[in-house]
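The structure appears below as structure tokens.
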Amino acid sequence: MQKACIVIPCYNESKRLDFDAFDAFITSESTIDLLFSNDGSTDNTRQLIENFVMKYNGRVKLFNMPQNAGKAEAVRCGVLEAGKDKSYEFIGFWDADLATPLNEVPIFLNQVKDHSKKIAIGSRMKRLGAIVERKASRHLLGRVFSTFSSIILKLPVYDTQCGAKIFSSELLFLFEEKFITSWLFDVELIARYRNKFGIKGALSDIVEVPINTWLEKGGSKLKLSDMIKVPLELLSIHKKYN
């Protein structure tokens, strides 16, 4: 039996956490656990998660950051915490707003299990048969960003920033060092893999999974000031990993 754990980074998510969806997922997927990584929330996010954790026998966990450190660090520390349980063969992280529904998780797992891939990353590709609802402005900015990311990575990546990714637990070493960027750690993660295993390894081991449903949710923590920093953060990644 191959087990997996999905890390959910959270910061002041009390109004957006859909516990009914999490409950239905845990009930239906007996080999997939959840770990909420609470990034020093100042609302009642922690209390709500603690109440939810009590309903399950270890299959839902809570990791509390001592203080707010940003999404990148919440994901990194949450993944390392999940990795302490050696029974997990696969670990992933998923945005707390469930813009990518949890029913996509088994599809990602099939990619790394059945197709001998090491990393599966979500791709918000608008196409026939898929429901991908996203503001036109964000879609256009995303395409520009992905183009520059592909140039920096030297890899044909369509969507680095989708908050849904799953990987083999043997890759925990990719999370040992702190990320140098706050929001572009996904690009760093791919860059670290490429630098370790080469472009050929990245091309054969990383797969983009077209998401069947992605619904843009309100309440994003990404501010305009963060968007302005994106070119500088991309430049920082280029300098460090190339």
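The values are calculated or read from the model by the stated rules, or taken from the named source; none is laboratory data. Source: prediction; values computed, not measured. Methodologically, a virtual Cβ is constructed for each residue, glycine included, from the backbone with ideal geometry; neighbour enumeration extends over all protein chains shown.
Any residue in the range 89-115 that's under 14 Å from ILE6 (Cα atoms): show its pairings with residues that are part of a helix (DSSP H, G or I) and of a type in the set (Lys, Arg) at Cβ separation under 8 Å, as long as the two are six or more apart or on different chains.
Pairs found: PHE90/LYS113.
Count, please, the residues in the range 175-198 that happen to be crowded, with 21+ Cβ neighbours inside 10 Å, in contact with an Asp or Glu (Cβ under 9 Å, 6 or more places away or on another chain) and among the β-branched types (Val, Ile, Thr).
Looking only at that region, the number is 1.
Based on what the data block shows, is ASN68 surrounded by fewer than 19 Cβ atoms within 10 Å (Cβ to Cβ), among the polar types (S, T, N, Q) and either free of Cβ contacts under 8 Å to residues at least 24 places away in the same chain or more than 19 Å from SER168 (Cα to Cα) (or both)?
Working: surrounded by fewer than 19 Cβ atoms within 10 Å (Cβ to Cβ): yes; among the polar types (S, T, N, Q): yes; either free of Cβ contacts under 8 Å to residues at least 24 places away in the same chain or more than 19 Å from SER168 (Cα to Cα) (or both): yes.
Against the criterion (surrounded by fewer than 19 Cβ atoms within 10 Å (Cβ to Cβ), among the polar types (S, T, N, Q) and either free of Cβ contacts under 8 Å to residues at least 24 places away in the same chain or more than 19 Å from SER168 (Cα to Cα) (or both)), ASN68 qualifies.
Among residues belonging to the range 22-31 that are among the β-branched types (Val, Ile, Thr) and in contact (Cβ under 8 Å) with a residue 24 or more places away in the chain, point out the one that is surrounded by the most Cβ atoms within 10 Å (Cβ to Cβ). Please lay out each step first, then the result.
First, pick out the residues of the range 22-31 that are among the β-branched types (Val, Ile, Thr): 26-27, 31.
Narrowing the set further to residues that are in contact (Cβ under 8 Å) with a residue 24 or more places away in the chain leaves 26, 31.
Details: ILE26: 18, THR31: 15.
Out of the qualifying residues, it is ILE26.
Listed here are the residues, each with its yes/no results for (1) more than 30 Å from SER14 (Cβ to Cβ); (2) not in a helix (DSSP H, G or I).
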position	(1), (2)
SER146	yes, no
PHE173	yes, no
SER182	no, yes
GLU188	no, no
LYS196	yes, no
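Using the structure shown, decide if SER220 is in a loop (DSSP other than H, G, I, E, B), modelled with pLDDT under 90 and of a type in the set (Ser, Thr, Tyr). Steps first, please.
Numbers: in a loop (DSSP other than H, G, I, E, B): yes; modelled with pLDDT under 90: yes; of a type in the set (Ser, Thr, Tyr): yes.
Taking the combined requirement at face value, the residue satisfies it.
So which residues in the range 106-126 are polar (S, T, N, Q) and farther than 19 Å from ARG194 by Cβ, if there are any at all?
The answer is ASN110, and nothing else.
For the range 143-154, enumerate the residues that are closer than 17 Å to GLU216 by Cβ and buried (at least 18 other Cβ atoms within 10 Å of the Cβ).
PHE145, SER146
Every residue, every condition in (1) within 21 Å of LEU80 (Cα to Cα); (2) free of Cβ contacts under 8 Å to residues at least 12 places away in the same chain; (3) in contact with a strand residue (DSSP E or B) (Cβ under 7 Å, 6 or more places away or on another chain), yes or no:
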position: ALA4; (1), (2), (3): yes, no, yes
position: PRO9; (1), (2), (3): yes, no, yes
position: SER14; (1), (2), (3): no, no, no
position: ASP20; (1), (2), (3): no, yes, no
position: LEU34; (1), (2), (3): yes, no, yes
position: ASN38; (1), (2), (3): yes, no, yes
position: GLU50; (1), (2), (3): yes, no, yes
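Table: residues versus (1) under 22 Å from ILE199 (Cβ atoms); (2) at pLDDT 95 or above.
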| site | (1), (2) |
| --- | --- |
| LEU140 | no, no |
| SER146 | yes, no |
| ILE151 | yes, no |
| LEU155 | yes, yes |
| THR160 | yes, no |
| GLY163 | no, no |
| GLU170 | yes, yes |
| PHE173 | yes, yes |
| TRP183 | no, no |
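Could you list, in sequence order, the residues of the range 131-149 that are in contact with a Phe, Trp or Tyr (Cβ under 8 Å, 6 or more places away or on another chain) and touching a residue at least 60 places away in the same chain (Cβ under 8 Å)?
Passing the criteria: ILE131, VAL132, GLU133, ARG134.
For the range 155-174, which residues satisfy the criterion of being surrounded by fewer than 21 Cβ atoms within 10 Å (Cβ to Cβ), among the hydrophobic types (A, V, I, L, M, F, W, C) and touching a Gly at 6+ places or on another chain (Cβ under 9 Å)?
LEU172
May I ask you to verify whether LYS126 is farther than 28 Å from LYS3 by Cα, in contact with a Lys or Arg (Cβ under 9 Å, 6 or more places away or on another chain) and without any contact (Cβ under 8 Å) to a residue 40 or more places away in the chain? Walk me through how you get there before you give the answer.
Values: farther than 28 Å from LYS3 by Cα: yes; in contact with a Lys or Arg (Cβ under 9 Å, 6 or more places away or on another chain): yes; without any contact (Cβ under 8 Å) to a residue 40 or more places away in the chain: yes.
Answer is yes for this residue.
For LYS165, which of the numbered conditions (1) in contact with an Asp or Glu (Cβ under 9 Å, 6 or more places away or on another chain); (2) on the phi > 0 side of the Ramachandran plot fails to hold?
The one condition LYS165 does not meet is (2).
Please state which of the following conditions GLN47 fails to meet, knowing it meets all the rest: (1) over 21 Å from ASP186 (Cα atoms); (2) touching a Phe, Trp or Tyr at 6+ places or on another chain (Cβ under 9 Å).
So GLN47 meets the others, but not (2).
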